[in-house]
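Read-outs: derived from the displayed coordinates by stated rules, not from any lab. Everything numeric in this text was worked out from a predicted model, so none of it was measured. Note: ideal-geometry Cβ built from the backbone for every residue, glycine included; neighbour counts use all protein chains shown.
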Amino acid sequence: MEFFLISLLNGVTYGLLLFMLSSGLTLIFSMMGVLNFAHASFYMLGAYFAYQISTYLGFGAALLVAPLVVGALGAVVERYGLRKAHRFGHVAELLFTFGLAFLVEEIVHLVWGKSSVDYKIPEYFDGTLFTLFSTSFPIYKGFMMLVSVGMLVALYLLLTRTRIGLIIQAALSKPDMVQALGHDVPKIFMLVFGGGTALAGLAGVIGGNAFITEPGMAAAVGSIVFVVVVVGGMGSLAGAFVASLLIGCIQTFSVGITFSVTDLAALFGVRLEDSSAVARLTVTQLAPVLPYLLMVAILIFRPRGLMGARES
Amino acid sequence: MIEPLFSRGRILLWLGGLAIAIVLPLVFSKGFAVSLLCQMGIMVVFALSYNMLLGQTGLLSFGHAVYYGLGAFVTMHALNMVGKGGFPITLLPLAGGAAGMAAGILLGYVTTKKAGTTFAMISLGIGEMVAACSLMFPGFFGGEGGVSGNRVTGKGLFGISYGSQTEMYYLIAGWAFVCVAAMFALTQTPLGRMANAVRDNPERAEFVGYDPQWVRYLMMVLSGFFAGIAGGLTALNYEIVTAETLNAHTSGVVLLMAFVGGIGFFYGPIIGAILITIMQIAIGGITKAWLFYFGLFFLFMVLYAPGGIASLLTVQRRLWVARLWWPLLPGYLLVLPAALVSLAGIVALVEMGYGLLEQEGTGEHAVHLVGLSIDAASGAAWAGAAALLAAGLLLVRWTWGRLEVKWNAALSALQNPGGAA
């Protein structure tokens, strides 16, 4: 019970963080048809900027400034890079963002070095929020949840209750018509791209110190976020939300379960002596592969994803 | 304009390529040069197998290293099992090819269900999955240390034991030649043609009566076979295979090679593989920021020359044939120095920045660039480099603006010869 509740809380925290990344990716994808390969690189930049800012001005300032800087950077990338690549079609756009991810990683290597930086949780967040049975739940995780849920509500209100949100929604499905009605669609694209990367940057600010800030973090999170988007259904925000929580929980639960096929057989009274490497693998060891296995299963049994609208 | 399959020019080209491959190690006979040539040969096969997907079928894969890596591991285990004598080493890369093909049959079924962007993401996910597996099964993948073996297993065919690097080179060159020829032949088959149709317009391909998913799947399996052979050659060449051969970095490098070379042409990836292997060694030996330059170069190619080097060469050749090349030469001669000035500015900025970080805390600020020693801590040096870059960019803009008019005129003259442009 204790294991279950704590894992669930951790899983939801991680899942919400994943959603902060996958929501931006999904918005950008459904609007422009561009899969932003460098999305996780903006997450990494968010973490590094926050580290740099927090050494001078403290964590509070970093929380506000770093996402804005990342978002501005994203808008610049869209305006002067992606828009050029757009002329050559989707493959060129995808390759552009791929090259960008490569370049960002090298820049991080050049500026902050190849090992991790000391980006710490601020002191006032040290401590325990509450204790469940015997396991303590840190304040900072609660703060992460708060920020993620706040972001979620803000995003929902922005998209459904404001004028710009309505225009964005319209531009998602009928960009030509929106353009004909006199809205500057390329500018909206730039805003959405900047907004999506700012969300990724925010995720980096609160995720970078909860986990670890190092040059490999973009690659590690990036592929998981792609899995989230495929499992949820390409271009579906609701799907991305469900898939984020699902994969967040799978990852936290599987880390704590030391159970293997051999154990399962033992449960039924079958003793597998000298069993093969596959049968002796525990769920914990399988943890890094589980999201991908889920993706494969989804692709075989439900190719459009959990909530994907159409077959492509 | 379709050339006949066995035209004289084409046969001469292939024979010439073969002759160059045979003569090269005699000219560059130093150990270092021969191992560079070996690496090139392997990468040519790998990049071409990649282009079967990207260039010919329109499938952008981010996980092609899976087939290459699995081929390498299986070949290494096969080598260790063969032991002394028995199976000839010459044919061992076939084991890698079989492994790559098997992986293609198994994994390709999942990945090729989709095309386009979704395929790209799925291939990435599958690539990550196999890479993660490599750490879970140390029995097969050898854990951190990898699997090693010894390719000299007694007397081989005709007494060739592949003990020396030169003998190994000829093995690689032979396999590379056979594979390149086979992959070229494949482009001429109905399957190769249908792959192009599926790339350009899957809906029409389906109306003609072909299942696009099936065509993609077949191309994936065949591409896995050739990637596996390339992996097998790596295993034999280095006599050690680590988990790095099947991770995302290797997948990225092969994509960059194929793209920089030119995915629209059969020979494009060959150029890319050779060029990037040389750059890796030559520039990578000089500066630690080489990957940064490489990323910049790649972005430049994506934005300004999406057809790759092969398409640039082809346009020049066509201009030459149409006698339109000479009028453009003065323009080229103006743009080139301007581009070099900008490049010098970028290099100076990057090297100074990198030098400062490298020597942080040592009190030294000197950065050595082509014989010059620059004080990276002085503002003047930074201002100078920035000015160099700005001046270079302005010059490029100005000279290119003048060339562009002529260039566009030449291109349109090329497209409708004799007619009014």
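Points worth noting:
- Distance distribution P(r), region B:1-124, all Cα-Cα pairs, bin width 10 angstrom from 0: 11, 27, 31, 26, 5, 0 percent.
- Of all the options B:L53, B:L106, B:L233, the one that moves most in a Gaussian network model of chain B with Cα springs shorter than 10 angstrom is B:L106.
- Within straight-line cross-link reach of A:K84, lysines at Cα separation under 17 Å, skipping those fewer than 8 residues along the same chain: A:K187
- Computed over chain A, relative contact order equals 32 percent, with contacts defined as Cα pairs under 8 Å that lie 6+ residues apart.
- Surrounding net charge for B:L389, when Lys and Arg each add one and Asp and Glu each subtract one, Cβ distance under 14 Å: 0
- Helical segments meeting 15 Å axial Cα length and Kyte-Doolittle 1.0 threshold in chain A (DSSP H): A:2-32, A:59-77, A:90-112, A:139-161, A:163-173, A:185-208, A:217-232, A:237-255, A:290-301
- Whole-number D in µm²/s for chain A (Stokes-Einstein; Kirkwood sum over Cα pairs; 25 °C, 0.890 mPa s): 118 µm²/s
- Alpha carbon centroid spacing (whole Å) that separates region B:20-81 from region B:215-249: 8 Å
- Largest GNM mean-square fluctuation among B:G268, B:G142, B:G16, using chain B with Cα springs under 10 Å: B:G16.
- Computed over neighbours whose Cβ is under 10 Å from that of A:M190, the net charge equals +1, Lys and Arg +1, Asp and Glu -1.
- Each of A:F130 and A:I164 was given a label point 7 Å from its Cα along the Cα-to-Cβ line. The distance between the two points is 3.6 nm.
- For a straight C-alpha distance cut-off of 25 angstrom, the lysines reachable from A:K141 (same-chain residues fewer than eight places away being disregarded) are A:K120.
- Fully extended contour minus Cα-Cα distance, from A:V111 to A:F259, at 0.36 nm per residue: 49.0 nm
- Counts of other chain beta carbons within 10 angstrom of each beta carbon in peptide A:109-118 average 2.
- Based on C-alpha pairs under 8 angstrom that are at least 6 apart in sequence, region B:8-269 has a relative contact order of 40 percent.
- Cα gyration tensor shape of region B:8-269, rounded if a/c is under 1.5, else prolate or oblate by comparing a/b with b/c: oblate
- Estimated from helices alone, the mean residue ellipticity of the protein assembly as shown at 222 nm is -24000 deg cm²/dmol (sum of -39500 (n - 2.57) over DSSP H runs with n ≥ 4, per residue).
- For A:K114, the lysines whose Cα comes closer than 23 Å to its Cα, not counting residues fewer than 8 places off in the same chain, are B:K288.
- Averaged over residues, the count of other Cβ atoms within 10 Å places the peptides B:394-406, A:188-200 in the sequence A:188-200, B:394-406, highest first.
- Mean Kyte hydropathy of 0.0 or more with a Cα span along the axis of at least 24 Å, helices from DSSP in chain B: B:8-27, B:31-51, B:65-82, B:93-111, B:116-136, B:165-188, B:212-238, B:268-286, B:329-358, B:379-415
- For A:296-305, mean number of other protein chain Cβ atoms within 10 Å: 3
- Rg in Å to one decimal, and Dmax rounded to a whole Å, for the protein assembly as shown via C-alpha atoms: 27.3, 88
- If you take all other residues with their beta carbon under 13 Å from the beta carbon of A:A50, and give Lys and Arg +1 and Asp and Glu -1, the sum is 0.
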